[in-house]
Structure formats: structure tokens, C-alpha cells
Amino acid sequence: MKAIATVSRTKEILEKYELNAKKKFGQNFLTEPSVVERIADSIPKGTKRCAIEIGPGIGALTEQLALRCEKVIAYEIDDDLLPVLAETMAPYPHVEIRHQDFLTVDLNALVSELEEEGYTPVVCANLPYYITTPILFHLFEAEKQVSSITVMMQKEVADRFVAKPSTKDYNALTVITQYVADCKMVMKVPKEVFNPRPHVDSAVVQFTLRKYPRVAKDHGQFVELVKGCFTQRRKTILNNFTGVVRNKDLAKELLEKAEIDPSRRSETCTLEEFLTLYEVTYHD
Ligand code: SAM
């Protein structure tokens, strides 16, 4: 049987079930087998892997994950896709479709359950783009984390996750994400390989969560500090950081203690520098 991620089979399935892609659920189905194969191939190798997928759609990527992993658990929000998946996933009994909004999944329970059964959980998905960041932070902030997350998103969002200091894409989201995970660009994907075709290109990013995030003891406080430093991009870090500690002299003193020139802009500061600033501000 032809792969699901082909133009003809996708069309055939959508017609058979009289389905149109739903914008409100961010539905853009992949129709290029080499792309789904490459995404599935890029998840870390290992034994007894369980792929956790967010939004299987009609099963294009799910099928490739099923061919490579001992188990697949896929969360789909759209009722209308359940009968489709029952048919397309019928050859793969180790694929379990759960009808649930992924943002409501109890990740601690899920990861504990899988680990007790001896599985190594990995996340792999072509994300619904309207909730890319909430899904990622749901994963990052869980107490029991999945250490590898390989996901497709809009290219301009991907560029922010992997950005380097002093580039236009480097912002608070970059620093906060790179603090919790190592972020790697896996591949760029042109808009032409989707049905329907989105307005922008996509990219796949792989996040490898750090086992022991460095230094910042209070994650929330660190996040607030970084966000505060990027409030007004054109201003100096002194100006922005003053808003965080509410005292200009103190802000200057702390920046100097962290060996950050107060006249610099936040976008030039590395993750290490933000961590030092956090330490001298809250833990010295
Ligand atoms: N994996 C398929 C593919 O690559 O062709 C479909 C990807 S499509 C970009 C996103 C999928 O996520 C859709 O099937 C959509 O219904 C589903 N979805 C949207 N919001 C969701 C949510 N909160 N929880 C679970 N699935 C969701």
C-alpha cells in the first residue's frame, strides 16, 4: 500500500471521509513521503522507543513512527479524524490513538507509566502551529520530562529557537528555551509539501532537554528576568533591567557585578550572561 503522506493517497482519504482540513485545528497535512521519513529518522536511536505524537491528522507521520518505534501514542483533538485513523492505523496494532487535547495531558502520569513499562518516550510531531509555544512549554515544564522532542513548526518560529546572540531572531523566547534545552535545526520544509498549502515555510527543530538546567533555582523568576530584559528591544540592558529590579543604581551595580556592560543591548547577551545576572540578582 502507498504511504499515507503522498498527494494521491491524502486526497483519496480526505475525499472518502468527505473531510476538509480545519483551520481552527491548524490542519495542514504532509504529502511528501521523503519528508515524513526524514522526520521519523531524526528521532534518537534506541531500544523500546515510544513515540508520543501530537496531532496525527490522517496518520502520515504516525505511519513512519509506527515503522520505527515499538509503541506510538498519538493525541488527536478532532473527532472527525478518529474513524480515518482507525482505518489508516489498522495495520499497526502498536499505535494507540487518544482523543484528547494534548494541552490537557497529564505528562507526569504518561511518562511514569511508559518508563515503568520499560519504554523510552520521545516526542515527534508536525505541530498545530497556532499552539506551538504552549505545547512546547507544556512539555518543558512538566516535572517528568521527555528528553527528546522533534517537531515541525513555522520556519520563522524555528529560527527564534535556534538563534544566536546579536541576530534579529534572538529574543526572550530564545534564551528561555535554550536554558531548558539544546535546540538544533533538523531540516527546512517548503510550504509546497502540505495540503492545504500554508502561507509560510516550515522547519523541524529537535530539542534535547538538559537533565539538570544550569544555575537558575527558581525557573519562574529567571523567566521574568529575561522577559524584563527584552521589554524594549531598542533600549540598553540597563534601561530594561531597571524595570526588573525597580532601581537604576541597583540595576547598574548588578550588571557590573555580572560583568555585563550596562550600555549593551540584551540581544547581545549570551545565555551564560543572563544566568550570571540572575545569580548575582537573586542568589548572592
Ligand atoms: N500529523 C499530521 C501530518 O503531519 O500530516 C497532521 C499535522 S496538522 C499540522 C496538526 C494536527 O494537530 C491536526 O490533526 C489537528 O487536528 C491536531 N490538533 C490541533 N490541536 C490539537 C490539540 N490541542 N491536541 C491534539 N491535537 C491537536
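The values are calculated or read from the model by the stated rules, or taken from the named source; none is laboratory data. Everything numeric in this text was worked out from a predicted model, so none of it was measured. Glycine also receives a Cβ, built like all others from the backbone with ideal geometry; neighbour counts cover every protein chain displayed.
Checked across segment 140-159, the condition of being of a type in the set (F, W, Y) and at pLDDT 95 or above holds for no residue. A residue that is more than 26 Å from R197 (Cβ to Cβ), within 12 Å of the ligand (Cβ to nearest atom) and assigned to a loop (DSSP other than H, G, I, E, B) occurs nowhere in segment 121-132.
Summed over segment 79-109, residues that are more than 10 Å from the ligand (Cβ to nearest atom) and over 22 Å from E18 (Cα atoms) total 10. Residue pairs whose Cβ atoms lie under 7 Å apart, sitting 6 or more positions apart in sequence or on different chains, and linking a residue in segment 120-138 that is in contact (Cβ under 8 Å) with a residue 60 or more places away in the chain to a partner that is of a type in the set (V, I, T) and more than 13 Å from the ligand (Cβ to nearest atom), are P121/V111; P121/V146; V122/I43; V122/V146; V123/V146; V123/I149; C124/I43.
Has segment 99-112 got any residue that is at pLDDT 95 or above, among the hydrophobic types (A, V, I, L, M, F, W, C) and under 23 Å from A203 (Cα atoms)? Within segment 99-112 (the criterion being at pLDDT 95 or above, among the hydrophobic types (A, V, I, L, M, F, W, C) and under 23 Å from A203 (Cα atoms)), the answer is yes, since at least one residue qualifies. Does D101 satisfy the criteria of being over 24 Å from C183 (Cβ atoms) and free of Cβ contacts under 8 Å to residues at least 24 places away in the same chain? Answer is no for this residue. Of the set (1) over 27 Å from L114 (Cβ atoms); (2) in contact (Cβ under 8 Å) with a residue 24 or more places away in the chain; (3) not β-branched (V, I, T), all apply to F161 but (1). The residues listed here are K2, K22; of these, the one that is among the basic types (K, R) and within 8 Å of the ligand (Cβ to nearest atom) is K22. Of the residues making up segment 32-72, just one is away from the ligand (no atom under 13 Å from the Cβ), in a helix (DSSP H, G or I) and within 19 Å of the chain's Cα centre (by Cα), namely D41.
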